Amino acid sequence: MSTPHVVPFYRALPRLVKDPVTELANMGTEAKGRIVQVNLGPFRPYLVSHPEHVEQVLKTDWTNFAREGMFWRPLHRVTGQSILGEGETWASTRKILAPLFTSRYIASLADDMADIIDECIVELEDFAATGRPIDGGHQMTTIVNQAVIKVLFGGRISRDTAERLAPEFATCATSIGFRLLFPFAPYSVKVPGDRAFLRSAQKIDEIVYPLIEQAQREGDTSSKEVVSKLLSARLEQEGKADLKQVRDDLVSIYGAASETTAMSLTWLWSVLHDHPDVNARLLEEIDSVVGGEPVRPEHVGRLPYLRMVLQELLRVYPSAWIIPRQAVNDVEIGGMRIKAGSQVLVSPYTTHRLEEFWDRPEVFDPDRWADEKAVVKHRYSFIPFGAGPHVCLGQHLFYVEAPLVIANVLSRYRPELTNPQRLTPLPGASVRPKEKLWLRLHPVEGRRAA
């Protein structure tokens with residue numbers, strides 16, 4: 001029976017307090033994929049990063065690794081059970097939601113999505129004309145938010161409501177960082193982030209419940225937008241619509257559809273600044289394929305280098321920094337015994353940096369994806385959307401939405417990062433930069449956004 005690589009308390013705590021996302025990943029890479037036990041006093045989770053171990057936890061033995069326990073409690077406070085839960089609730093929700101996220105269904109929405117993104121880019125014209133910098137993270141979130149809400153929610157959510165909703169989700173996603181780092185802290189004690197979280201969760205409810213109640217009153221079961229689809233499916237499946245359950249479904253859909261794309265696009269601008277060769281090649285490809293035309297879904301398939309950049313972006317900055325699980329029964333992983341009730345943390349950040357599976361893992365190199373089948377040496381060495389039955393529903397949406405946003409921006413502007421700096425990954429429901437990224441948009445001559 002093998003033993004874990006143990007990071008003692010006096011080393012683990014200061015490292016995780018300083019830079020939790022990076023340091024947790026470093027603990028895994030230092031152990032070269034061995035299972036790591038992180039000693040945090042009363043709490044000693046196991047860090048799992050080797051692709052074979054990841055495959056066992058997320059796929060082959062997934063029923064023995066539940067999305068339960070102290071790591072999930074902060075998330076469930078805002079998402080409820082729904083698609084992020086377990087058991088019958090998760091299964092019924094997945095069955096209802098899966099058809100809304102298939103590659104075919106997302107492809108059917110692509111033209112509408114392209115139109116909405118185009119409209120959003122037009123709104124940046126004033127910033128470009130006046131030279132005022134934009135908050136890159138905020139603008140990317142706004143664009144993605146508009147596309148997701150208009151395509152999935154139809155006209156049910158107004159622009160004003162959508163703009164109120166996005167920051168509340170961002171607050172919920174980031175304010176749980178302390179509880180994710182110290183999940184054993186009792187909820188009877190207020191910790192940093194709690195008040196902001198509860199305030200934003202309440203505001204989300206104040207926005208979402210009226211939308212559900214309105215859809216229920218209208219009773220339009222033929223509507224294609226997601227609120228009506230959920231109500232109709234719940235009525236057909238259960239004979240009644242539990243409004244709390246529909247609310248949990250909607251909140252989870254919004255997160256799955258928007259979070260990964262918005263965060264990846266935020267990291268992109270720093271990457272392009274730091275790698276001018278990548279930036280130049282990407283601009284050349286977009287200019288040759290799109291030129292001054294409006295960006296359409298058919299352009300996306302003719303932008304292979306953009307696809308490679310996105311794959312590398314997902315490798316280096318996966319949205320999920322940890323994928324927590326709790327062992328249901330005693331189990332053996334990689335020859336090591338894990339007791340029932342133990343917390344197991346799958347770390348995409350670590351897995352994507354293991355030298356055994358990635359050549360020069362710390363280098364941002366889109367060319368590694370020129371032959372995608374060859375670069376992924378193990379099916380579970382690249383897990384930006386998780387894996388197995390709980391794989392993220394939003395992955396097909398990402399590969400349509402993200403290229404449309406990037407091609408739209410870069411076909412019209414040359415963004416300049418005005419405050420280049422080393423970015424710190426901020427832990428939360430997903431990983432985003434702690435620092436703001438300010439971009440000045442320089443218009444491409446002869447290509448107006450109007």
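List of remarks:
- Point-charge dipole on Cβ atoms (K/R +1, D/E -1) for the chain, about Cα centre, debye to 20: 1320
- Sum of -39500 (n - 2.57) over DSSP H runs of 4+, divided by residues of the chain (222 nm, nearest 500): -16500 deg cm²/dmol
- Annotation: lysines with alpha-carbon distance below 29 angstrom to LYS32 (same-chain offsets under eight excluded): LYS18, LYS59, LYS339, LYS373, LYS377, LYS434.
- Computed with a 1.4 Å probe over protein heavy atoms only, the accessible area of SER342 comes to about 20 Å².
- Rounded to the nearest 20, the Cβ-based charge dipole of segment 110-152 about its Cα centre (Lys and Arg +1, Asp and Glu -1) stands at 220 debye.
- Helices meeting the span-like rule in the chain (full DSSP H runs, Cα extent of at least 27 Å along the helix axis, mean Kyte-Doolittle score of -1.0 or higher): 103-122, 194-218, 243-274.
- Of the solvent-accessible surface of the chain, computed with a 1.4 Å probe over protein heavy atoms with every protein chain present, carbon and sulfur atoms account for 51 percent.
- Dipole of segment 360-399, positive direction: furthest Cα of PRO361, GLY394, TYR380, with charges on the beta-carbon: TYR380
- Label-to-label distance, nm, for residues given as VAL189 and HIS76 (7 Å Cα→Cβ offset): 2.2
- Of THR63, THR171, the order by accessible heavy-atom surface (1.4 Å probe, DNA, RNA and ligands excluded), from most exposed downward, is THR63, THR171.
- In this simple spin-label model, placing a label point 7 Å from the Cα along the Cα-to-Cβ direction at both GLU213 and GLU356 gives a separation of 5.6 nm.
- Heavy-atom accessible area per residue - the chain, 1.4 Å, Å²: 42
- Label-to-label distance, nm, for residues given as VAL363 and ARG132 (7 Å Cα→Cβ offset): 4.2
- R0 of 22 Å, Cβ-Cβ distance LEU198-GLU86: FRET efficiency to nearest 0.05: 0.35
- Sum of side-chain charges, PHE71 neighbourhood, beta-carbon under 15 Å (Lys, Arg +1; Asp, Glu -1): +4
- Summary of packing: across the peptides 420-427, 352-359, 317-324, the per-residue average of other C-beta atoms within 10 Å ranks them, highest first, as 317-324, 352-359, 420-427.
- Taking a ≥ b ≥ c as the square roots of the eigenvalues of the Cα gyration tensor, an a/c ratio of 1.5 or more together with a/b no larger than b/c marks the chain as oblate.
- Residue ranking by accessible heavy-atom surface, 1.4 Å probe, largest first, among ARG217, ARG199 comes out as ARG217, ARG199.
- Over segment 59-166, the Kirkwood radius and the radius of gyration, each from Cα atoms, give a ratio Rg/Rh of 1.08.
- The accessible-area ordering, largest first, of the residues LYS229, LYS32 stands as LYS32, LYS229, per a 1.4 angstrom probe.
- Residues listed by number, segment 308-336, amide nitrogen under 18 Å from THR63 label point at 7 Å toward C-beta: 326-332
- In the frame of its principal axes, segment 133-230 has Cα extents of 47, 39, 18 Å, reported largest first.
- Calculated on alpha-carbon atoms, Rg and Dmax of segment 1-104 in Å: 16.8, 51
- For the pair segment 406-433 and segment 250-286, the centres of their Cα atoms are 7 angstrom apart.
- Linear extension gain, GLU435 paired with LYS373, 0.36 nm per residue minus alpha-carbon span: 18.8 nm
The values are calculated or read from the model by the stated rules, or taken from the named source; none is laboratory data. Predicted model only: the values in this text are computed from it and were never measured. Note that we place each Cβ from the backbone using ideal geometry, even for glycine, and neighbour counts take in every protein chain shown. Note: accessible area is taken over every heavy atom of the protein model, side chains too, but ligands, DNA and RNA are not part of it. Shrake-Rupley method; radii C 1.70, N 1.55, O 1.52, S 1.80 Å.
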